[in-house]
Amino acid sequence: MRTVPDTHAYALTLPGAYLDYPFGPTTAVLKVAARMFLLSAAGERAGSVSLKCEPYWGEALRRDYPSIAPAWHLNKTHWIGVDLATGFDDEPPWCLTDALVADLVDQSYTLVVARLPRRLRPV
């Protein structure tokens, strides 16, 4: 998942996930039950995604990975920005992996689903 389209494709495999453009054609938002769990610039040139994250986990990720920072224009405590364009080029052990990005997408999705009323949670 080294590109935003790859990350979107993976996120869309999660139950109930869908792509929306509520902020216009330049910002892609992945949602579950009308709640955002992934944001990114739309198009092939996009290089980063914003994901929901537990505050303690986000702090550790920002400290350990140079390509993970507070998310732009979102709550800096609960959202992280993941730079896919350069994060895979960093030196180990600070480089991103496909497994780490998939895990971050899964965690973002899980955090959002956990806060949904039971009747709105996907099976």
Give me the residue from the range 4-14 that is out of contact with any helix residue (DSSP H, G or I) (no Cβ under 6 Å at 6 or more places or on another chain) and assigned to a loop (DSSP other than H, G, I, E, B) and, out of that set, surrounded by the most Cβ atoms within 10 Å (Cβ to Cβ).
Leu12
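Do you know which residues across the range 87-101 are part of a helix (DSSP H, G or I) and surrounded by 15 or more Cβ atoms within 10 Å (Cβ to Cβ)?
Keep residues of the range 87-101 that are part of a helix (DSSP H, G or I), which gives 87, 98-101.
Across the range 87-101, the qualifying residues are Gly87, Leu100, Val101.
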In the range 56-78, what residues are touching a residue at least 24 places away in the same chain (Cβ under 8 Å) and in contact with a His (Cβ under 9 Å, 6 or more places away or on another chain)?
Ala71
Could you please tell me which pairs satisfy a Cβ distance under 6 Å, a separation of 6+ or placement on different chains, a first residue in the range 105-123 that is touching a residue at least 60 places away in the same chain (Cβ under 8 Å), and a second residue that is surrounded by fewer than 12 Cβ atoms within 10 Å (Cβ to Cβ) and of a type outside the set (Gly, Ala, Ser)?
Pro122/Pro15
So, Arg63, is that one among the basic types (Lys, Arg), over 12 Å from the mean Cα position of the chain (by Cα), loosely packed, with under 13 Cβ neighbours inside 10 Å and more than 25 Å from Arg121 (Cα to Cα) or not?
yes
Counting only residues that are within 16 Å of Tyr10 (Cα to Cα) and of a type in the set (A, V, I, L, M), the range 97-123 contains a total of 6
Failed condition for Gly81, given (1) crowded, with 16+ Cβ neighbours inside 10 Å; (2) in a loop (DSSP other than H, G, I, E, B), with all others met?
(2)
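May I ask you to say which residue of Ser48, Ser108 is over 30 Å from Val123 (Cβ atoms), in contact with a Leu (Cβ under 9 Å, 6 or more places away or on another chain) and buried (at least 20 other Cβ atoms within 10 Å of the Cβ)? Steps first, please.
On the way: Ser108 fails: over 30 Å from Val123 (Cβ atoms).
Of Ser48, Ser108, the one residue that is over 30 Å from Val123 (Cβ atoms), in contact with a Leu (Cβ under 9 Å, 6 or more places away or on another chain) and buried (at least 20 other Cβ atoms within 10 Å of the Cβ) is Ser48.
Among the residues of the range 15-45 satisfying the criterion of being among the aliphatic types (A, V, I, L, M) and touching a residue at least 60 places away in the same chain (Cβ under 8 Å), which is surrounded by the fewest Cβ atoms within 10 Å (Cβ to Cβ)?
So in the range 15-45, the residues among the aliphatic types (A, V, I, L, M) come out as 17, 19, 28-30, 32-34, 36, 38-39, 41-42.
Narrowing further to those that are touching a residue at least 60 places away in the same chain (Cβ under 8 Å): 17, 32-33, 36, 38.
Details: Ala17: 21, Val32: 23, Ala33: 16, Met36: 18, Leu38: 28.
In this case the residue turns out to be Ala33.
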Do we have any residue at all in the range 53-66 that's farther than 25 Å from Thr26 by Cα and of a type in the set (A, V, I, L, M)?
yes
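Taking Pro122 as the residue in question, decide whether it is under 18 Å from Pro5 (Cβ atoms) and either at pLDDT below 95 or not polar (S, T, N, Q) (or both). It would help to see each step written out before you state the result.
Numbers: under 18 Å from Pro5 (Cβ atoms): no; either at pLDDT below 95 or not polar (S, T, N, Q) (or both): yes.
No.
The values are calculated or read from the model by the stated rules, or taken from the named source; none is laboratory data. Computed from a prediction, not measured in an experiment: that's the story for all the values here. Glycine gets a Cβ as well: all are built from the backbone with ideal geometry, and neighbour counts include every protein chain shown.
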